[in-house]
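Structure first, then comments.
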Amino acid sequence: MSKDDQFTALGPTEIGFQTDGANIRIGAQIAGREAGVRGHCDTAVGIEGTGGAGGVHGSSQAGDGVAGVSDAVGKSGVFGSHSGRFGPAFGVSGTTGSPDGAAINGFTDAGVGVRGGSQTNDGVAGASNTAGKSGVFGSNSHTSGPAFGVSGTTSSPDGAAINGFSDQGYGATLKGGRAPLHLEPGTLTGPPTSGNHQRGEVFVDGAGDLFFCREQGTPGSWFRVQLIAV
């Protein structure tokens, strides 16, 4: 085996170092005191990998298998993309064998832990096949002031910030140490007098009276629910 202190390909050439992978089991084996491989490019990617079983594979007994860092606005430390147009396809996938672990973990001291978005489908989707567990679970450990395990918002007047449905069970199950449900009162007295409302809506006005929409319409047919003091 030939040895030297350093090898430098001066070029000009299309490829600085090349092996014939068809006749070699491992194209290159490189070890270093700080990094096994360091790639740099001024205009494109630093390291590019392609393979029949994976483009890039990383493993570690002490640290992250693959670590990525970026200082560019709007870019990611690690970016994954899948060009398939049919069937299940994932930009980034993760798995773990630990019952206390997570397949994908996102955390930050400033922004959001995980952000998902889509122009044609759900921004974030979760699924579970275990009794007593949730497809999506949210938790907030803050012990004072407004704090929410899961929040939702929508800009559509016909939409809902949070939508729950089930073909067999309940649309929603609520439990709270103070109360299982809190309806934020409106600012005016009486039921809504404008807008399209659907049968089944429940409304609390500024005086604390409770109203139920029995027939849809604009503004709908509202009935005041009789309350008995206890």
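The values are calculated or read from the model by the stated rules, or taken from the named source; none is laboratory data. Because the structure is a prediction, the values reported are computed rather than measured. For neighbour counting, all protein chains shown are included, and Cβ atoms are generated from backbone atoms with ideal geometry for every residue, glycine included.
Quick look at the values:
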{"quantity": "Residue in the stretch 96-104 that is of a type in the set (S, T, Y) and more than 28 Å from T153 (Cβ to Cβ) present", "calculated": "yes"}
{"quantity": "Hey, A103 within 29 Å of A161 (Cα to Cα), of a type in the set (G, A, S) and modelled with pLDDT of 90 or more or not", "calculated": "yes"}
{"quantity": "Residue match in the stretch 210-230 (condition: in contact with a Lys or Arg (Cβ under 6 Å, 6 or more places away or on another chain) and either under 25 Å from P146 (Cβ atoms) or part of a loop (DSSP other than H, G, I, E, B) (or both))", "calculated": "yes"}
{"quantity": "Residue in the stretch 219-230 that is among the aromatic types (F, W, Y) and at pLDDT below 95 present", "calculated": "no"}
{"quantity": "Of all residues in the stretch 46-66 being hydrophobic (A, V, I, L, M, F, W, C) and touching a Gly at 6+ places or on another chain (Cβ under 8 Å), the one that is farthest from S93 (Cα to Cα)", "calculated": "I47"}
{"quantity": "Residue within the stretch 71-92 that is over 30 Å from E48 (Cα atoms), over 17 Å from the mean Cα position of the chain (by Cα) and not β-branched (V, I, T) present", "calculated": "no"}
{"quantity": "Residue pairs meeting the criteria (Cβ under 6 Å; at least 6 apart or on separate chains; first over 20 Å from A22 (Cβ atoms), in the stretch 45-72; second among the hydroxyl-bearing types (S, T, Y) and exposed (fewer than 10 other Cβ atoms within 10 Å of the Cβ))", "calculated": "G65/S59"}
{"quantity": "The stretch 103-139, subset of a type in the set (A, V, I, L, M, F, W, C) and surrounded by 10 or more Cβ atoms within 10 Å (Cβ to Cβ), residue farthest from G171 (Cα to Cα)", "calculated": "I104"}
{"quantity": "In the stretch 46-91, the residues that are loosely packed, with under 10 Cβ neighbours inside 10 Å and among the β-branched types (V, I, T)", "calculated": "T50, V69, V73"}
{"quantity": "Unique match (being part of a loop (DSSP other than H, G, I, E, B) and within 27 Å of S134 (Cα to Cα)) among G186, G190, G169, G195", "calculated": "G169"}
